[in-house]
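Can you read through this structure? Questions will come right after.
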Amino acid sequence: MDIVLIRLIFVLTIAAVCDLLQPFGLSSRADAVVGAVIGLAIVLFEVRLREISLKRLIGSAIGSVLGIFGAYLFSLVIRNSLKPGATQSFLQLMVILLMAYVGLIVGANKGDLLNLSALGGIFGGEKQSKKSYKILDTSVIIDGRIADIAETGFLDGVLVIPQFVLRELQLVADSADSLKRNRGRRGLDILQRIQKIVTLQVQIVENDFPAVREVDMKLIELAKLLEGKIVTNDFNLNKVAQLQGVEVLNINELANSLKPIVLPGEAMRVFILKEGKEYNQGVAYLDDGTMVVVDNARKMIGKTIDIAVTSVLQTTAGKMIFGKFDERAVVRVEAPRGVNSRPGQPQPSSPQTAPAAASERPAEPV
C-alpha cells in the first residue's frame, strides 16, 4: 500500500510540475495530462524493472554504455563524411538510438552469464536461478501415470509440452481407428489434468526443428536446447537419447523400482488367471502388473491360492516372480467342517461313516 501511495505522489508531482512550467508549449491542463502520462510510463517501467534479476540489470547497463560509446564513434564518422544539416543530425540520432537499444537488449540477454558470486560482498547473495526442464513425450502422456506422479509432488521444475507433441497427439485423437482415437483422447484428458495441478508449472513451447522429421529426434534436440530431461516410457527413445548425452526419466523404470521386494521362500496369495507355457503351470498378475508363474497350478485357474516364492527374475521388461503351489494345502482347506483336527484323535474318512460308527457302540443298560 505504501508503494502505491508513493507512485501516486510521483505521478501527481510530475503533472503539477508540467502544469506550472508548461514545457511542451501547450495549455496548462494539456501539459499536466502529458506529465501524468509520462509519470505513468515511468511507473510501468519501474514495475517491469523489479522483476528483472540483478544480472540482467548489470548486463543491460554495460551493453547500453558500450552501445552509446560505439554510437559516438559512428557519429564522428558521419560528421566528417556528410555536410552539416538535417540529414547529418538525423543519422547521428538514429545511430545513437540504434546502438543504445541493441546494447541494452544484448546485454540483458547475456547478463545471465555473469558470475556475480565471484565478486563477493553484496553480489555473493545472488543465486543461480537455473530452471529444471522436463520434456514430456507422447507415449508418457497417453500412458497417464505422469499425472499421478505430478500430483504427489515428486516432479519439480518446469514441465514442458512441445507443440509438435500436441500435434502428434491430436493426429492420434483424430484417427479412424477407434483404439488409437481413444488413446489420443485419453492423452488430451491427461494434459488437462496436469494443467489443473496448482503446484506444477506447465509450459507449452513453440520450438520446432523443421530439418528433423521424427518426433523422437525433435525431443532430443529440444532437450539439448533447454538442457532438460525427457520423460518417456519408450525403450527405443530412451536408448537413443542416452547415446546422444540427453538425460531420460523412464516411467517404467520408476515403476519397477517401486515394486515390492519379494524374497524366495515368502508366501503370497494370488489369483490364477490363465495357463502357463510350460506343463502344469498357471499365470497370475499382481496389482502392479508383475507376472507370477506358478508351478502345479494349472488346475486352479480362476481361483485364489497361496503359493511359495521360489525365485525372482529381473529383466529389462520388468520383474517376474516364480512360485510353487502346494496341493496338500488345498486338501486341508477342503476338509469336512466340524471335524476335530487335533493330533491324536481319529478323523472319519467321509460323513457316511459316522452313523455306522454310532450304531456299532454297545447299547446302554436300561
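Where a number appears in this text, it was derived from the coordinates with a stated rule and is not lab data. All values derive from a computational prediction rather than experimental measurement. Backbone-built Cβ (ideal geometry, glycine too); neighbour counts: all protein chains shown.
Name the long-range amide H neighbours of Ser132: under 5 Å, sequence gap of 5 or more, or other chain; modelled H, no Pro or chain starts.
Val158
Further question: For Leu254 and Ser132, calculate 0.36 nm times their separation in residues minus their Cα-Cα distance, and state this gained length in nm to one decimal. Show your work: numbers first, answer last.
Details: separation 122, 0.36 × 122 = 43.92 nm, distance 1.89 nm.
Roughly 42.0 nm would be gained on extension.
Kirkwood hydrodynamic radius of segment 133-257 from all distinct Cα pairs, in Å?
Working: mean 1/r = 0.0681 Å⁻¹.
Taking the inverse mean of 1/r over all distinct Cα pairs, segment 133-257 comes out at 14.7 Å.
To the nearest µm²/s, what D does Stokes-Einstein give for segment 52-118 at 25 °C and 0.890 mPa s, using the Kirkwood radius over alpha carbon pairs as Rh?
Details: Rh = 12.7 Å.
It comes out at roughly 193 µm²/s.
Enumerate the amide H contacts of Asn207 below 5 Å, restricted to partners 5 or more residues apart or on another chain; note that Pro and chain-start residues carry no placed amide H.
Result for Asn207 returns Gln163.
Using a 7 Å offset from the Cα along the Cα-to-Cβ direction at both Leu263 and Asp148, what is the distance between the two label points in nm, to one decimal?
Simple spin-label model gives 2.7 nm for this pair.
Given Cβ point charges of +1 (Lys, Arg) and -1 (Asp, Glu) and nothing else, what value in debye, to the nearest 20, does the dipole of segment 1-55 about its Cα centre take? Walk me through the intermediate numbers first.
Numbers: 5 positive and 5 negative charges, 36 e Å.
I would put it at about 180 debye.
Once the other residues with Cβ under 14 Å from the Cβ of Arg167 are scored (Lys, Arg +1; Asp, Glu -1), what is the net sum? Intermediate values should be presented prior to the final figure.
Values: positive: Arg213, Lys218; negative: Asp137, Glu168, Asp174, Glu206, Asp208, Glu214.
Around Arg167, the charge tally is -4.
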